[in-house]
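The values are calculated or read from the model by the stated rules, or taken from the named source; none is laboratory data. Here the structure is a predicted model, which means the values were calculated and not measured. With ideal geometry, Cβ positions are generated from the backbone for all residues, glycine too; neighbour counts draw on all protein chains shown.
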Amino acid sequence: MNQTVHIPVMLEETMLGLEVRAGGIWVDGTLGGGSHTRALLERSAPDGIVYSFDVDPNALARAKETLKEFGDRFQAVEANFRNLDDRLAERGVMSVDGILLDLGVSSDEIVDSSKGLSFMTEGPLDMRLGPKANEDGLTAADIVNTWKPNEIEQLIREFGEEKFARHIVDVIVTARKSSRITRTTELASLIRQAVPKGYERGRIHPATRTFQALRIAVNDEFESLKEAIDGSHRILTPGGKLAVIAFHSLEDRIVKVAFKDKERWEPITKRPQEPTEAEVQKNSRSRSAKLRVARKVQ
């Protein structure tokens, strides 16, 4: 339970961007492996408080064990970050000094086969990050087996930026006529059949973009992000900072557009920060990360 395989992305850049200092109240909207939360706790010592959100009960349980040395300074909250201001208000917290949103899926979640996030591991075609990831219980299996072909194609094309979306949907629709598609490796195999063989020579697995699109839809990630940015503005103290690490071009675009609202935000990073070559070599999953930081206008 206390083991984590997650490596935090741009940890130092994020802490510097937020200007974490002793004392205050800080929020990690995406607890995951807990590394960013630990850094917030260490740098806000001796009396800073950190509220960390996650929809995955396993992540919360792990963190309560690995971060128990910080006592009541660490507060775990099982909730989607889209509701962070409401959940904090319920706890009597009406303003905070800084908020971090790391939008990457943690390595711990990817290796958890029960979530069905990995096309490399056999598991149920679920993809919900936790029981409170969405309100309607939607799963990836529901999408591939019940949505209309044009709806699935649009989803994969827009959220996955997959140019072979039509081919993939044709194969899925044919397969689901025989039996319901329920397993991750089953869907990955169908996708491999659908794309040209040249795809194999690319840097990513043929199923990467489709699985990404399904995960985004199941967890309503883009709308959650928009609501989280709005909620962050409402609860940040004037001059407080919001740092967002995005891994998807559409996510980064949402953050960029939000931070252009000069009546609400003053961008600290004029252009998104990216990981150093040394970090990418150490952690290849950081390659697509972009960090933006903005200050709440008073």
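Within segment 148-163, the set of residues being surrounded by fewer than 18 Cβ atoms within 10 Å (Cβ to Cβ) and not in a helix (DSSP H, G or I) comprises Lys148, Glu161, Lys163. For the condition aliphatic (A, V, I, L, M), under 24 Å from Ser224 (Cα atoms), in a loop (DSSP other than H, G, I, E, B) and in contact (Cβ under 8 Å) with a residue 24 or more places away in the chain, Ala133 qualifies. Of all the numbered requirements in (1) surrounded by fewer than 20 Cβ atoms within 10 Å (Cβ to Cβ); (2) under 18 Å from the mean Cα position of the chain (by Cα); (3) at pLDDT 95 or above, Pro57 misses one, and that requirement is (3).
Return the total of residues in segment 111-139 being surrounded by fewer than 17 Cβ atoms within 10 Å (Cβ to Cβ) and on the phi < 0 side of the Ramachandran plot. Spell out the reasoning first.
Of segment 111-139, the ones surrounded by fewer than 17 Cβ atoms within 10 Å (Cβ to Cβ) are 111, 113-114, 120-122, 124, 131-132, 135-137.
If we keep only those that are on the phi < 0 side of the Ramachandran plot too, we end up with 111, 113-114, 120-122, 124, 131-132, 135-136.
Qualifying residue count, segment 111-139: 11.
Residues in segment 151-168 that are more than 19 Å from Ile204 (Cβ to Cβ) and free of Cβ contacts under 8 Å to residues at least 12 places away in the same chain were compared, and the one that is nearest to the chain's Cα centre (by Cα) is Gln154.
Table: residues versus (1) touching a Lys or Arg at 6+ places or on another chain (Cβ under 8 Å); (2) among the hydroxyl-bearing types (Ser, Thr, Tyr); (3) modelled with pLDDT under 95; (4) outside the structural domain of Pro272 (by TED's automatic domain parsing).
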{"position": "Leu16", "(1), (2), (3), (4)": "no, no, no, no"}
{"position": "Val20", "(1), (2), (3), (4)": "yes, no, no, no"}
{"position": "Leu31", "(1), (2), (3), (4)": "no, no, yes, no"}
{"position": "Ala39", "(1), (2), (3), (4)": "no, no, no, no"}
{"position": "Arg43", "(1), (2), (3), (4)": "yes, no, no, no"}
{"position": "Gly48", "(1), (2), (3), (4)": "yes, no, no, no"}
{"position": "Tyr51", "(1), (2), (3), (4)": "yes, yes, no, no"}
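Screening segment 238-289 for residues that are within 19 Å of the chain's Cα centre (by Cα) and among the polar types (S, T, N, Q) and picking the one that is farthest from Thr208 (Cα to Cα) gives Gln273.
On the basis of being within 19 Å of Ile110 (Cβ to Cβ) and touching a Phe, Trp or Tyr at 6+ places or on another chain (Cβ under 6 Å), does Ala246 make the cut? So Ala246 does not fit the description; no.
Looking across Glu65, Glu13, one residue alone is closer than 20 Å to Gln273 by Cα and surrounded by fewer than 23 Cβ atoms within 10 Å (Cβ to Cβ). It is Glu13. Here segment 231-240 is the region considered, the condition is being on the phi < 0 side of the Ramachandran plot and either among the aromatic types (Phe, Trp, Tyr) or touching a Lys or Arg at 6+ places or on another chain (Cβ under 9 Å) (or both), and the residue that is surrounded by the fewest Cβ atoms within 10 Å (Cβ to Cβ) is Pro238.
Yes/no matrix, rows are residues, columns are (1) under 19 Å from Ala294 (Cβ atoms); (2) buried (at least 23 other Cβ atoms within 10 Å of the Cβ); (3) not hydrophobic (A, V, I, L, M, F, W, C):
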{"position": "Arg166", "(1), (2), (3)": "no, no, yes"}
{"position": "Arg192", "(1), (2), (3)": "no, no, yes"}
{"position": "Glu223", "(1), (2), (3)": "no, no, yes"}
{"position": "Leu242", "(1), (2), (3)": "yes, yes, no"}
{"position": "Glu251", "(1), (2), (3)": "yes, no, yes"}
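Here's a check for you: in segment 169-190, which residue that is without any contact (Cβ under 8 Å) to a residue 40 or more places away in the chain and assigned to a loop (DSSP other than H, G, I, E, B) is surrounded by the fewest Cβ atoms within 10 Å (Cβ to Cβ)?
Going through the qualifying residues, I end up with Ser179.
Counting only residues that are exposed (fewer than 13 other Cβ atoms within 10 Å of the Cβ) and within 19 Å of Val105 (Cβ to Cβ), segment 254-298 holds 2 of them. Screening Ala140 on (1) within 17 Å of the chain's Cα centre (by Cα); (2) outside the structural domain of Val20 (by TED's automatic domain parsing); (3) modelled with pLDDT under 95 shows it passes everything except condition (3).
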